[in-house]
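Worksheet: the structure to be examined is printed underneath.
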Amino acid sequence: MSGFRFERFASDGRARLGRVHTAHGYIDTPAFMPVGTAATVKAMQPESVAATGAQILLGNTYHLMLRPGAERVERLGGLHEFMNWPHPILTDSGGFQVMSLSKLRKITEEGVTFQSHLDGSKHHLTPERSMEIQRMLDSDITMCFDECTPFPATEEQAAESMRMSMRWARRSRDAFTERPGYGLFGINQGSIYENLREESARALIDIGFDGYAVGGLAVGEGQELMFQTLDFTTPMLPEDKPRYLMGVGKPSDLVGAVMRGIDMFDCVMPTRSGRTGQAFTRRGPVNIRNARHMDDPRPLDEGCSCPACKNYSRAYLHHLARSEEVLGLMLLTWHNLHYYQDLMRGMRHAIAEGRLADFAADFHREQALGDIEPL
């Protein structure tokens, strides 16, 4: 088995075309990772997720440690075998969910003690325990344990949070079990403050990681402030390692962040939106529940080759959504994941040909057109 590594094939401005090699295969970058929080991408079979073009999924330490339990997943052959996904998996460390979902929590230098949002049971999560859980899950890419700094935060609050995350990053690195093809990513923190992002980057580079994530964004600061933060943060991270923007985002977020040097993304948006009747298309988002689609025999997106667009009309998808039929959730989720993978594929081709700026201009022009006129 070859080692974990990142190849770069081309660049266009700050954007990079590359490939991440892992124990369970490679990921072409820029890449979007569908979120499989509890060992499943909601409303999708793993084979269907792969059919969209996805090469890697994200799983979640917090949810899987609570149910079904990391020890059980390990006994059953690891997450790949457990959920029938033979391709790469990245697991986030659980830090964000501890902060956002736990009923009660206490943060100390040692780690976080919290009550499960499921049954109130008490748990203790530390950098060391997070590394152990992610090893038992057999994730190809492990994320170091951190505190996701809330927004807004004062510079003093952001500094205190970031510095604890950097101490936890060192402990995560020390506790990580090195294996061929498996990597550990550090997470850059510091909110919107350039000096704190730089301090965090220096600390992470000093520790040494296989990849570097930008955390603490897409937490309410808005796209403009997120892009401003990426403008100064991305150049601080090593050129020869993959860069991952956590929890992002809308299609326009992906295009803007790729142009700022980001290689990897994850977000619940395409799957969650699919379950609530929103579809992403080349001409912007469409709410299929709206009455205007009731008698429309046209496809959702004429340029899309997913099953929802090839085989079904807007009128039928509208009927499924309004009737709350499970098939509607499945088809719209499939479409959204297919659209996201098409977008990433388009950006990879554009970078290879040195025309990403033109690709982005075409993307924004089409999005601005709005949905097709009603019949």
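Considering the stretch 258-287, the residues that are part of a strand (DSSP E or B) and of a type outside the set (A, V, I, L, M, F, W, C) include one that is nearest to PHE185 (Cα to Cα), namely ASP266.
Can you name every residue in the stretch 230-240 that is surrounded by fewer than 23 Cβ atoms within 10 Å (Cβ to Cβ) and either assigned to a loop (DSSP other than H, G, I, E, B) or of a type in the set (A, V, I, L, M) (or both)? Matches in the stretch 230-240: MET236, PRO238, GLU239, ASP240. Can you find even one residue in the stretch 126-135 that is in contact (Cβ under 8 Å) with a residue 24 or more places away in the chain, in a helix (DSSP H, G or I), in the same structural domain as HIS24 (by TED's automatic domain parsing) and of a type in the set (S, T, N, Q)? Looking through the stretch 126-135, at least one residue is in contact (Cβ under 8 Å) with a residue 24 or more places away in the chain, in a helix (DSSP H, G or I), in the same structural domain as HIS24 (by TED's automatic domain parsing) and of a type in the set (S, T, N, Q).
For the stretch 152-168, the tally of residues that are surrounded by 15 or more Cβ atoms within 10 Å (Cβ to Cβ) and either farther than 21 Å from TYR212 by Cα or not assigned by TED's automatic domain parsing to the domain that holds LEU125 (or both) stands at 1. Checking each residue in the stretch 155-196 for being farther than 22 Å from ARG129 by Cβ and among the hydroxyl-bearing types (Ser, Thr, Tyr) picks out SER191, TYR193.
Applying the set (1) free of Cβ contacts under 8 Å to residues at least 40 places away in the same chain; (2) touching a Cys at 6+ places or on another chain (Cβ under 7 Å) to LEU184 leaves exactly one unmet item: (1). Sub-7 Å Cβ pairs linking a first residue in the stretch 78-98 that is within 30 Å of PHE151 (Cα to Cα) to a second residue that is small (Gly, Ala, Ser) and not in a helix (DSSP H, G or I), at least 6 apart or interchain, are ILE89/GLY59; ILE89/SER139; LEU90/SER139; THR91/GLY59; THR91/SER139, ordered by first then second residue. For GLU147, the conditions (1) under 18 Å from ALA218 (Cα atoms); (2) surrounded by fewer than 20 Cβ atoms within 10 Å (Cβ to Cβ); (3) at pLDDT below 95 all hold with the exception of (2). When THR40, THR29 are screened for being out of contact with any His (no Cβ under 6 Å at 6 or more places or on another chain), farther than 19 Å from LEU254 by Cα and among the β-branched types (Val, Ile, Thr), only THR40 passes. The residues of the stretch 177-193 that are more than 21 Å from the chain's Cα centre (by Cα) and either surrounded by 22 or more Cβ atoms within 10 Å (Cβ to Cβ) or among the charged types (D, E, K, R) (or both), listed by number, are GLU178, ARG179. The selection criterion, being in the same structural domain as GLN228 (by TED's automatic domain parsing), over 19 Å from ARG14 (Cβ atoms), in contact (Cβ under 8 Å) with a residue 24 or more places away in the chain and under 17 Å from the mean Cα position of the chain (by Cα), holds for GLY247.
Of the candidates LEU343, LEU331, the single residue that is aliphatic (A, V, I, L, M) and touching a residue at least 60 places away in the same chain (Cβ under 8 Å) is LEU343. If the condition is being surrounded by fewer than 24 Cβ atoms within 10 Å (Cβ to Cβ) and touching a Pro at 6+ places or on another chain (Cβ under 7 Å), then the stretch 262-278 contributes only GLN278. Candidates SER200, SER139, SER191: the one that is assigned to a loop (DSSP other than H, G, I, E, B) and within 23 Å of ILE107 (Cα to Cα) is SER191.
The values are calculated or read from the model by the stated rules, or taken from the named source; none is laboratory data. Source: prediction; values computed, not measured. Reconstructed Cβ throughout: ideal geometry from the backbone, glycine too, with neighbour counts over all protein chains shown.
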